[in-house]
Amino acid sequence: MLRPIPFTLVLATALAAGQPAFAAEAPKPRAAEIAPMSAHSLLTRIVPAGRGLVAVGGRGHILRSEDGSAWTQVPAPVDALLTSVFFTDAQHGWAVGHDASILHSADGGRSWKLQNFQPELNLALLDVLFLDAQHGLAVGAYGLMLETRDGGAHWTRLELPITEEGLHFNALTRLGDGSLLVVGEEGMMALSRDAGASWERLASPYESSLFAVLASGASGAVVAGLRGNVFRSDDVAAGAWQRLDTGSQQSVFGLAAIPGGGVGLAGLNGFLEVVGPSGRIEPQHWRRAGAGPAGAGHELGAFSHLLAWRGDLLTVGDSGVQRWSPAQP
């Protein structure tokens, strides 16, 4: 049986085409090339950084924007596919990706330094979360989990019961009560009440891959995965999950909090919807800047993440950054 794998690992196949599986000696990191079309090529995650935005993606591309419309690529010390980025405040952020790469910025994403690079592991990091300026966790493929207690100066691989299962950890978040929730393949769902020192395996509402997680309320969350499966719980530890009807079987890779209590969903084939507080799809249409409505065609490719921004939605995926505004049907 084939194992469903994250969006970023699927698209990485194209980037790695023609490259040898093994080398005589471990490769050294190469800086990302500045590419004129980087804002229109593979991007995987978009987050606020102070008053601006930072997006990361293929070939080590990192982009900044002050207004969500004009994007500038900044230098990066690796050309590996970057899969996630997280900022603790307006200045300090970390990006992770393939070759167990971890990058740090102390100036709002304008410049980046390499903190970790382990191509010999042949593993990808898929998400990163910092609990404060010093303590961070990075998770990824085949049970990879790294921890730092000194702001990323040193990273240690954690060996825990949940890492020994060898399942992909696709997404990680901190809930409203301070506990941590990680989700992944084969319905992987685990909760930590002690900042990642130990993890409790939870009963999952879905037995296949979960790709995204979003904290909700005091102790709840929304999780999303294959074939349009999205679930919400007001109490993750209690395990009472409600399936949200997305009206689609498109896999969902990105979740975003929408002002007013809604949840934005983004995924395969240009899938873009908002589920309202009632748990139903809102009758809202979105129009792409300079183009037609969402879902008008498959030329949009896949969306890997989205962000509510100044009344609009911003998506990233294999066609770069797209900006969407509310529109009448």
Candidate set: segment 255-265, residues that are surrounded by 15 or more Cβ atoms within 10 Å (Cβ to Cβ) and out of contact with any helix residue (DSSP H, G or I) (no Cβ under 9 Å at 6 or more places or on another chain); chosen: the one nearest to S209 (Cα to Cα): L255
Complete set of residues in segment 79-98 that are outside any strand (DSSP E or B) and surrounded by fewer than 24 Cβ atoms within 10 Å (Cβ to Cβ): D79, T88, D89, A90, Q91, H92
Just checking, does segment 199-215 include any residue being more than 26 Å from G166 (Cα to Cα), assigned to a strand (DSSP E or B) and within 21 Å of the chain's Cα centre (by Cα)? no
Anything in segment 227-286 that is among the β-branched types (V, I, T), under 25 Å from R174 (Cα atoms) and either modelled with pLDDT of 90 or more or part of a strand (DSSP E or B) (or both)? List them, or say none. V230, V236, V252, I258, V263, V274, V275
Within segment 152-171, how many residues are assigned to a loop (DSSP other than H, G, I, E, B), out of contact with any helix residue (DSSP H, G or I) (no Cβ under 9 Å at 6 or more places or on another chain) and either under 21 Å from T83 (Cβ atoms) or β-branched (V, I, T) (or both)? 3
Go through the residues of segment 191-199 one by one and say whether even a single one is free of Cβ contacts under 8 Å to residues at least 12 places away in the same chain and either surrounded by 21 or more Cβ atoms within 10 Å (Cβ to Cβ) or of a type in the set (D, E) (or both). yes
Assigned to a loop (DSSP other than H, G, I, E, B) and either closer than 15 Å to K28 by Cα or not β-branched (V, I, T) (or both), is that true of G109? yes
L175 - would you say it is within 20 Å of the chain's Cα centre (by Cα), within 16 Å of T83 (Cα to Cα) and in contact (Cβ under 8 Å) with a residue 60 or more places away in the chain? no
Scanning segment 292-311 residue by residue, the ones that are more than 26 Å from N170 (Cα to Cα), in contact with a strand residue (DSSP E or B) (Cβ under 8 Å, 6 or more places away or on another chain) and either modelled with pLDDT of 80 or more or of a type in the set (G, A, S) (or both) total 1
Among the residues of segment 60-91, how many are of a type outside the set (D, E, K, R) and over 21 Å from P29 (Cβ atoms)? 10
Return a yes/no flag: does segment 119-141 have any residue that is more than 19 Å from the chain's Cα centre (by Cα), assigned to a strand (DSSP E or B) and buried (at least 19 other Cβ atoms within 10 Å of the Cβ). no
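The values are calculated or read from the model by the stated rules, or taken from the named source; none is laboratory data. Predicted, not measured: the structure shown is a model, and the values here were computed from it. Reconstructed Cβ throughout: ideal geometry from the backbone, glycine too, with neighbour counts over all protein chains shown.
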